[in-house]
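The values are calculated or read from the model by the stated rules, or taken from the named source; none is laboratory data. Note that this is a predicted model, so its numbers are computed, not measured. Using ideal geometry, Cβ is built from the backbone for each residue, glycine included, and neighbour counts are taken over all protein chains shown.
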Amino acid sequence: MPSNPLKRYQHGEGSYALVTGATLGMGEEWAHQLAALGFNLIIHGRSQAKLDAVRAAILAKHATVDVKTAIADAGALPPNLGELEALLPALSQITVLINNIGVTSKAFPLFEEAPTEDLLQQIAINDVFPTILTQRVLPTLKRNQPSLIVNVTSMGAWAPSPYLSAYSGSKAYNLIFSRSLYNEMRCEGNQVDVTTLVPGQVVSGMNEGPPTANMPTSHDFIRTTISKLSGGLFGVRPPPIMVPWMAHSMGYLAMQLMPRAMADWAVRSTVVDLRKKKLAAEQREKPSEDQVVPTMTANSSAGATANGVHEDGKATMTN
Ligand SMILES: NC(=O)c1ccc[n+]([C@@H]2O[C@H](COP(=O)([O-])OP(=O)(O)OC[C@H]3O[C@@H](n4cnc5c(N)ncnc54)[C@H](OP(=O)(O)O)[C@@H]3O)[C@@H](O)[C@H]2O)c1
């Protein structure tokens, strides 16, 4: 592996990488590992305290890079870019955009029982926010060629998961959006490289550990991803789709080769099994009836309903 696989996107010492959802999991890892390669950073999140903590941890190890923070609620409807709106016009040196942010539902609710708000949040955060952000940053990336956009999808884009229709659908959007943009950049003959990153399960805020061969840590997954970004099989530009983790690529390949009906059967049995385990764990954690203190009053009924949604585990957002 080249000592710096992203050298192609570093023009002098002033290049910036913008990472969304950078306060946890893979986004936080992108930020640390890009800083280690010498990129200045704009890290995005929704909590100033968390962004400050990530910024301090990066600067403790890489004192020479500049780390700017930007708060934006990626689930805001109508959508807006929050603090990025003011920051972006002043930053002409962005060469890398990592559209990392994504949320799912922690539970596996029946579609009709998932709160509509949660479904809309998944579409807003996973699809609407990266779409408007990419549109805003693209002129800068075109000026700074060669430059890079990484869009994060999921195996769920090929393995449409029962009980996670909005998430799987939103990740299918990431895939087609990203590949379309890849093709547009090629049609226009410019060197804004666009790649679609396909993680299987990775330990993160979304997915609790422990790590296994099939479920790497975010650190290992991003390290491997970066090492493979310096070029696909035939050149120096990254491939349009990357499945960098070996164990994930086996599943991905099987998914491409299997007849559709068999792939659907495989995903149904996997997710049904996961859901059973999840519901059984929730049942075990629920306080028995004689431990529950009856508190329902006229004034508290709204709160009790809201709590009920969470305690039933029907649609608690991961993030
Ligand atoms: N982990 C997996 O197994 C897996 C598998 C396939 C695909 N993926 C994809 O990989 C990407 C990264 O996932 P991850 O597992 O690393 O995620 P994660 O650990 O759950 O981190 C999510 C990040 O998004 C931020 N965020 C959530 N809602 C937000 C909002 N409304 N506004 C602004 N920021 C918000 C979180 O901020 P807070 O720190 O404030 O919560 C956090 O920084 C996603 O696109 C996901 O779909 C993950």
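Just the residues that are among the hydrophobic types (A, V, I, L, M, F, W, C), part of a strand (DSSP E or B) and either in contact with an Asp or Glu (Cβ under 9 Å, 6 or more places away or on another chain) or within 11 Å of the ligand (Cβ to nearest atom) (or both), please, taken from segment 60-98.
Correct list: Ala70, Ile71, Ile98.
Determine which member of the set Ile132, Ile149, Ile176 is over 13 Å from the mean Cα position of the chain (by Cα), surrounded by fewer than 21 Cβ atoms within 10 Å (Cβ to Cβ), under 21 Å from Trp30 (Cβ atoms) and within 16 Å of the ligand (Cβ to nearest atom).
Ile132
With within 16 Å of the chain's Cα centre (by Cα), within 19 Å of Thr95 (Cβ to Cβ), modelled with pLDDT of 95 or more and among the β-branched types (Val, Ile, Thr) as the only criterion, which of Thr217, Thr225 stands out?
Going through Thr217, Thr225 in turn, just one is within 16 Å of the chain's Cα centre (by Cα), within 19 Å of Thr95 (Cβ to Cβ), modelled with pLDDT of 95 or more and among the β-branched types (Val, Ile, Thr): Thr225.
Name the one entry in Asn207, Asn183 that is surrounded by fewer than 20 Cβ atoms within 10 Å (Cβ to Cβ), polar (S, T, N, Q) and either more than 12 Å from the ligand (Cβ to nearest atom) or assigned to a helix (DSSP H, G or I) (or both).
Asn183
For the condition β-branched (Val, Ile, Thr), closer than 26 Å to Gly156 by Cβ and surrounded by 15 or more Cβ atoms within 10 Å (Cβ to Cβ), what is the one hit in Ile123, Ile94?
Ile123
So, in segment 3-31, of the ones that are within 14 Å of the ligand (Cβ to nearest atom) and in a loop (DSSP other than H, G, I, E, B), which residue ends up surrounded by the most Cβ atoms within 10 Å (Cβ to Cβ)?
That would be Ala22.
In the list Thr225, Thr212, which residue meets the criterion of being polar (S, T, N, Q), over 18 Å from Thr131 (Cβ atoms), within 16 Å of the ligand (Cβ to nearest atom) and exposed (fewer than 13 other Cβ atoms within 10 Å of the Cβ)?
Thr212
Hey, does segment 128-151 have a residue that's farther than 25 Å from Trp245 by Cβ and without any contact (Cβ under 8 Å) to a residue 40 or more places away in the chain?
Scanning segment 128-151 turns up at least one residue that is farther than 25 Å from Trp245 by Cβ and without any contact (Cβ under 8 Å) to a residue 40 or more places away in the chain.
For residues that are hydrophobic (A, V, I, L, M, F, W, C) and near the ligand (Cβ under 10 Å from one of its atoms), scanning just segment 32-52, find the one that is farthest from Leu138 (Cα to Cα).
For segment 32-52, the residue satisfying everything is Ala49.
Condition (residue is in a helix (DSSP H, G or I), surrounded by 18 or more Cβ atoms within 10 Å (Cβ to Cβ) and not basic (Lys, Arg)) applied to segment 34-46: is it met by at least one residue?
yes
Being touching a strand residue (DSSP E or B) at 6+ places or on another chain (Cβ under 6 Å) and β-branched (Val, Ile, Thr) is the filter; apply it to segment 56-89 and report the residue that is farthest from Gly21 (Cα to Cα).
Only one residue tops the list, namely Val65.
Are any residues in segment 99-114 of a type in the set (D, E, K, R) and either in contact with a Leu (Cβ under 6 Å, 6 or more places away or on another chain) or more than 16 Å from the ligand (Cβ to nearest atom) (or both), and if so, which ones?
Listed by number, the residues that qualify are Glu112, Glu113.
Read through the list (1) free of Cβ contacts under 8 Å to residues at least 40 places away in the same chain; (2) in a loop (DSSP other than H, G, I, E, B); (3) not aromatic (Phe, Trp, Tyr), then give the number of the only condition that Ala254 fails.
Failing condition for Ala254: (2).
Within the bounds of segment 195-202, is there any residue that is free of Cβ contacts under 8 Å to residues at least 60 places away in the same chain and over 21 Å from the mean Cα position of the chain (by Cα)?
no
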